[in-house]
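To start, the structure itself, in structure tokens.
The values are calculated or read from the model by the stated rules, or taken from the named source; none is laboratory data. What you see is a predicted model; the values in this text were computed from it and never measured. Note that we place each Cβ from the backbone using ideal geometry, even for glycine, and neighbour counts take in every protein chain shown. We work out accessible area using only protein heavy atoms, side chains counted, and drop any ligands, DNA or RNA first. Shrake-Rupley method; radii C 1.70, N 1.55, O 1.52, S 1.80 Å.
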Amino acid sequence: MIVVRELSVDNWAEWRDLRLAALREDPEAFSSKLADWQGEGDAEPRWRARLRDVSLNVLADLDGVPAGMVSGHLSERGDTAELMSMWVAPSARGRGVGDALVRAVVRWSEGRGAGELALRVAGGNEHAMALYQRHGFVERPLSEPSECAHEMVREAHRA
């Protein structure tokens with residue numbers, strides 16, 4: 001069973017544990033580096049600030065065990081949103097966790113009136129590309145130079 005839950009700053013330790021696992025397991029998938037979040041960078045106030053400063057932070061539990069994470073951030077004008085920091089633990093891949101996380105961010109962004117939801121994908125991550133395409137994301141040219149090879153966008157579905 002998959003349970004998706006929104007986090008608050010008080011859930012910083014859970015976020016920390018999964019984020020460090022993600023950076024350790026799949027370093028090429030993120031612009032952040034594990035070393036940036038270790039040592040002096042591994043401090044409770046910094047983790048709390050990360051959860052406070054990003055609009056939405058979600059964990060997915062698979063059979064009671066944290067198995068995936070994603071964040072969403074709304075632009076200052078509120079017309080666009082970004083899906084970011086997506087990761088699913090290797091043991092949970094192919095079991096619907098990624099789909100549940102993407103749906104959570106799509107619902108959140110559309111519920112806040114964002115006209116589009118954008119994201120970036122590292123080169124070679126074909127599984128992520130397929131996941132996002134299943135949810136209506138299409139690739140577009142990069143809007144600015146980036147370490148990521150792909151930028152994708154999903155237009156909001158209006159009722």
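Enter the accessible area per residue of the chain (Å², integer; probe 1.4 Å; all protein chains in place).
Dividing the accessible area of the chain by its residue count gives 53 Å².
Using a probe of 1.4 angstrom, how much of the accessible area of segment 48-91 is carbon and sulfur, in percent? Kindly include the intermediate steps, with their values, before the conclusion.
Values: 940 of 1890 Å².
For segment 48-91, the apolar C and S fraction of the accessible surface comes to 50 percent.
Taking square-rooted eigenvalues a ≥ b ≥ c of the alpha carbon gyration tensor, is segment 14-76 rounded, prolate or oblate, where a/c under 1.5 means rounded and, failing that, a/b exceeding b/c means prolate? Present the calculation step by step, with values, prior to reporting the outcome.
Numbers: a/c = 1.38, a/b = 1.03, b/c = 1.34.
Because its axes are fairly even, with a/c under 1.5, segment 14-76 counts as rounded.
Which residues does the label zone of Ser91 cover in segment 25-65, counting backbone N under 17 Å from a point 7 Å along Cα→Cβ?
Counting only backbone N, you get 25-26, 60-65.
Note down the nm distance, to one decimal, between modelled labels 7 Å out along Cα→Cβ at Met1 and at Arg24.
So the two model labels end up 2.9 nm from each other.
Which FRET efficiency value, to the nearest 0.05, is calculated for Ser143 and Asp99 with the Förster distance at 25 angstrom and r the Cβ-Cβ distance?
Details: r = 26 Å, r/R0 = 1.05.
FRET efficiency, Ser143 to Asp99: 0.45.
Return the percentage of antiparallel bridges among DSSP beta bridges fully within the chain, rounded to the nearest 5 %. If you can, show how the numbers build up before the last one.
Details: 27 of 30 bridges.
So the antiparallel bridges in the chain amount to around 90 percent.
Which of the three applies to segment 62-159, rounded, prolate or oblate, going by the alpha-carbon gyration tensor with a ≥ b ≥ c and a/c under 1.5 meaning rounded? Kindly include the intermediate steps, with their values, before the conclusion.
Working: a/c = 1.85, a/b = 1.24, b/c = 1.49.
Oblate shape, in that a/c is at least 1.5 and b/c is the bigger or equal ratio.
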